[in-house]
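Participant: Supplied in structure tokens, the structure appears directly below.
The values are calculated or read from the model by the stated rules, or taken from the named source; none is laboratory data. All figures in this text were calculated on a predicted structure; none of them were measured in a lab. Glycine also receives a Cβ, built like all others from the backbone with ideal geometry; neighbour counts cover every protein chain displayed.
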């Protein structure tokens with residue numbers, strides 16, 4: 001059987017595909033995969049370019065991709081595979097489903113995901129503010145993969161009780177919730193030292209740590225190692 005021809009419209013899924021031994025025939029410009037044709041961005045997919053690649057499967061995500069693009073791909077007769085984990089618990093089944101969809105064996109530890117979670121979940125050891133944007137400042141709530149991963153790593157998200165999944169917040173609220181640390185990710189907003197200074201000026205004595213945004217927000221085969229790296233954040 002020939003290898004599956006897959007187009008990935010999700011950076012996390014692209015990374016996971018490569019880890020599973022399948023190089024996509026197309027991906028977005030955010031997927032950071034040299035030598036593979038790009039088909040636009042996650043929010044502005046070039047449907048014609050995807051169709052021209054004649055994929056067996058197109059991987060989409062309900063947050064990163066637009067419904068109208070997904071509908072347009074289906075209208076072209078293309079098969080879609082959705083990967084949209086909301087929590088660490090969702091990752092194992094999602095990786096196994098993708099592996100099945102492309103005809104490969106699910107790797108460890110994803111084939112025994114519940115056992116991996118039980119073995120590696122850390123006790124809560126600190127609380128954190130995790131900004132994902134500035135002007136306005138935004139964070140994330142419990143119903144997100146990033147917050148779930150932090151909880152797995154023993155880090156309590158101070159805004160996990162927010163009604164909105166990605167709430168707008170003020171630094172006054174941050175100060176009132178008194179986090180042990182601020183985790184400044186490298187994406188989706190590129191935080192730098194000047195932002196750490198701004199935070200410390202508003203909340204004197206606040207501890208700030210920079211983390212890889214991909215570890216926080218890219219789910220898939222990255223998840224186990226990312227959880228380990230976040231467990232050492234302080």
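Participant: How many residues are within 22 Å of residue 230 (Cα to Cα) and touching a helix residue (DSSP H, G or I) at 6+ places or on another chain (Cβ under 6 Å) if we restrict to the stretch 174-206?
Facilitator: 5
Participant: Still on this structure, I have one more. For residue 62, indicate whether it is modelled with pLDDT under 95, within 23 Å of residue 185 (Cα to Cα) and not assigned by TED's automatic domain parsing to the domain that holds residue 216.
Facilitator: Values: modelled with pLDDT under 95: yes; within 23 Å of residue 185 (Cα to Cα): yes; not assigned by TED's automatic domain parsing to the domain that holds residue 216: yes.
The answer is yes for residue 62.
Participant: Being part of a strand (DSSP E or B), modelled with pLDDT of 95 or more and under 13 Å from the mean Cα position of the chain (by Cα), is that true of even one residue in the stretch 181-188?
Facilitator: yes
Participant: Could you say which residue among 32, 46, 56, 90 is farther than 15 Å from residue 222 by Cβ, out of contact with any strand residue (DSSP E or B) (no Cβ under 6 Å at 6 or more places or on another chain) and not assigned by TED's automatic domain parsing to the domain that holds residue 152?
Facilitator: One residue alone meets the criteria, 56.
Participant: Against the conditions (1) within 16 Å of residue 128 (Cβ to Cβ); (2) touching a residue at least 24 places away in the same chain (Cβ under 8 Å); (3) out of contact with any strand residue (DSSP E or B) (no Cβ under 7 Å at 6 or more places or on another chain); (4) assigned to a loop (DSSP other than H, G, I, E, B), where does residue 160 fall short? Just the number, please.
Facilitator: (2)
Participant: Exactly one of these conditions fails for residue 185: (1) touching a strand residue (DSSP E or B) at 6+ places or on another chain (Cβ under 8 Å); (2) free of Cβ contacts under 8 Å to residues at least 24 places away in the same chain. Give me its number.
Facilitator: Residue 185 satisfies every listed condition except (2).
Participant: Within the stretch 74-108, take every residue that is without any contact (Cβ under 8 Å) to a residue 40 or more places away in the chain, in a loop (DSSP other than H, G, I, E, B) and surrounded by 15 or more Cβ atoms within 10 Å (Cβ to Cβ) and give me the one that is farthest from the chain's Cα centre (by Cα). So that I can check it myself, show each step before the final result.
Facilitator: Applying the first criterion (without any contact (Cβ under 8 Å) to a residue 40 or more places away in the chain) to the stretch 74-108 yields 74-82, 84, 92-93, 96-97, 100, 105-106, 108.
Okay, now just the ones that are also in a loop (DSSP other than H, G, I, E, B), so 76-79, 84, 105-106, 108.
When the remaining residues are screened for being surrounded by 15 or more Cβ atoms within 10 Å (Cβ to Cβ), the result is 78, 84, 106.
Details: 78: 25, 84: 9, 106: 20 Å.
The residue in question is 78.
Participant: Taking the options 22, 7, name whichever one is outside any loop (DSSP other than H, G, I, E, B) and either touching a strand residue (DSSP E or B) at 6+ places or on another chain (Cβ under 6 Å) or surrounded by 19 or more Cβ atoms within 10 Å (Cβ to Cβ) (or both).
Facilitator: 7
Participant: Does residue 51 satisfy being farther than 20 Å from residue 146 by Cβ, outside the structural domain of residue 218 (by TED's automatic domain parsing) and surrounded by fewer than 17 Cβ atoms within 10 Å (Cβ to Cβ)?
Facilitator: no
Participant: So if I check each of 209, 221, which one is touching a residue at least 12 places away in the same chain (Cβ under 8 Å), farther than 27 Å from residue 97 by Cβ and not assigned by TED's automatic domain parsing to the domain that holds residue 97?
Facilitator: 209
Participant: Please determine whether any residue of the stretch 33-41 is buried (at least 24 other Cβ atoms within 10 Å of the Cβ) and over 18 Å from residue 94 (Cβ atoms).
Facilitator: Checked against the condition, which is being buried (at least 24 other Cβ atoms within 10 Å of the Cβ) and over 18 Å from residue 94 (Cβ atoms), the stretch 33-41 yields at least one hit.
Participant: Out of contact with any strand residue (DSSP E or B) (no Cβ under 8 Å at 6 or more places or on another chain), in a helix (DSSP H, G or I) and either closer than 13 Å to residue 223 by Cα or modelled with pLDDT of 95 or more (or both) - does that describe any residue in the stretch 121-141?
Facilitator: no
Participant: Okay, next question. Taking the stretch 193-218, which residues are under 22 Å from the mean Cα position of the chain (by Cα) and over 16 Å from residue 138 (Cα atoms)?
Facilitator: Those that are under 22 Å from the mean Cα position of the chain (by Cα) and over 16 Å from residue 138 (Cα atoms): 208, 209, 210, 211, 212, 214, 215, 218.
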